[in-house]
1. With the requirement that a residue be open to solvent by less than 30 Å² (accessible area, probe 1.4 Å) and of a type in the set (F, W, Y), what does segment 203-244 give you?
2. Being farther than 15 Å from W209 by Cα and either basic (K, R) or part of a helix (DSSP H, G or I) (or both): is that true of G138 here?
3. Kindly check whether there is at least one residue in segment 236-245 that is over 25 Å from T319 (Cβ atoms) and in contact with a Phe, Trp or Tyr (Cβ under 9 Å, 6 or more places away or on another chain).
4. Which is among the aliphatic types (A, V, I, L, M), in a helix (DSSP H, G or I), closer than 20 Å to D364 by Cα and modelled with pLDDT of 95 or more, of V221, V318?
5. Right, F275: in contact with a Gly (Cβ under 7 Å, 6 or more places away or on another chain), surrounded by 13 or more Cβ atoms within 10 Å (Cβ to Cβ) and not in a loop (DSSP other than H, G, I, E, B) or not?
6. Is it true that some residue in segment 103-117 is open to solvent by less than 60 Å² (accessible area, probe 1.4 Å), of a type in the set (A, V, I, L, M) and in a strand (DSSP E or B)?
7. Filter the helices (runs of 4 or more DSSP H) completely within segment 1-98 down to those with at least 1 residues that are surrounded by fewer than 21 Cβ atoms within 10 Å (Cβ to Cβ).
8. Y362 - would you say it is closer than 20 Å to L287 by Cβ, aromatic (F, W, Y) and either open to solvent by less than 30 Å² (accessible area, probe 1.4 Å) or modelled with pLDDT of 95 or more (or both)?
Amino acid sequence: MNDLLDAARSLRAVVEAEADATDRDTTLTPELVDAFAQSGLNHLQVPKELGGLEADVDTMLDVFEELAHQDGSVGWTFMANANATGMCSMFDPTVARQMLEGRPEVVCAGQFVSRGKARRVDGGFQVQGRFQFGSGSGRASWIGGGALVRDDEGELERNEAGMPRVLAFVVPRDSVELTGNWDVMGLRGTGSFDYTIPDQFVEEGRTFWLFDGEPRCGGGVYRLGVVGFAGIGHAGWALGVARRALDEIRDILTSGRARIGGAELREQQVVQRGFSEHLLALRSVRLLVHDTIGGIVRDLDDGRPMTKAMQDELVSAVTYETSICMEVVRWAYMTSGSSGLRNPSVLQRCFRDMCVGAQHIYVDPRCYDELGKGLLEVTS
């Protein structure tokens, strides 16, 4: 799988050349869209049975880290599209192959949370809804949504446990209205637009039950569930942005940067210690997420079922890793002085991007509470 990481590394020149335009235009440039299609990486997380790459977990993490190191917005867009496209493992395989096979430019985007409405009709569902945070929607061929399903009397469809079922689905991009609302501080280039899905039919083969469904193809990684699967992208992205911030501050320090009337910053013990501590912290959490996610997927490959305890451990590991990455970036930016203050500044962009990425609901520290309850055998 090192060929995939090499393919990601080969994109650095075009990613860095287009980074300013992506930030300005709030979405990937046509040059980047073409580059990703030609790289063959768009289907990094798609099962081989559907014509995808089905990379191993370490390679997925490494590719996400590499692209985020090149640029935070580009890396976030890629991982969001890759994750959404990987959800095709939940669709009818015949339908999914028609969507993806032999079409390296095709990606999915969108938010699968239950903000929409759905009702059963012959052959599928009638769906509609308004959604937010459609990262990568500007280049997507298919855009997803989520909905609660009601019958003609307005009653919710429920699972065996009595909980409302959430239907996830994708519809063609040309049937969706992108409504903007993405003027933000960081991750500006991700095109995380609001969007409206007008009332329309979606065939059953392009739907799945968000929390009750099982993958229709692929290895153990697809049995992580939608929550666990998303953690791979979040983990790799945070590592890449934090590592880039450290690389940038190291270049600033080794260039002889000094404060007015003082010695070079790199000669100051507090800076030497700070750089070392943050580098070691970053290396530690990198090992944490590789070990945690990789270990869980190995268990799934061996036939163990995905459990809530496994999900709590995975999400908590990614959340902790992201908090450390945020601190690494904050330290690098604050140490840079005016070098990181003025545009253009890669380090400033790392800081802005990480401030936004670290606010994502996925890395909410309340996940530690759930992990602790399980570890301490709290039943209430």
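The values are calculated or read from the model by the stated rules, or taken from the named source; none is laboratory data. Only a predicted model underlies this, so the values are computations on that prediction, with no experimental measurement involved. Heads up, the Cβs are rebuilt from the backbone with ideal geometry, glycines too, and the neighbour counts pull from every protein chain shown. Quick note on the areas: whole protein, heavy atoms, side chains included, nothing else; ligands and nucleic acids left out. Shrake-Rupley method; radii C 1.70, N 1.55, O 1.52, S 1.80 Å.
1. If the condition is that a residue be open to solvent by less than 30 Å² (accessible area, probe 1.4 Å) and of a type in the set (F, W, Y), then F208, Y222, F229, W237 are the ones that fit.
2. yes
3. no
4. Unique residue meeting the criteria: V318.
5. So F275 does not fit the description; no.
6. Checked against the condition, which is being open to solvent by less than 60 Å² (accessible area, probe 1.4 Å), of a type in the set (A, V, I, L, M) and in a strand (DSSP E or B), segment 103-117 yields at least one hit.
7. Because the criterion is at least 1 residues that are surrounded by fewer than 21 Cβ atoms within 10 Å (Cβ to Cβ), the helices (runs of 4 or more DSSP H) in segment 1-98 that meet it are 2-9, 12-25, 30-39, 57-70.
8. no
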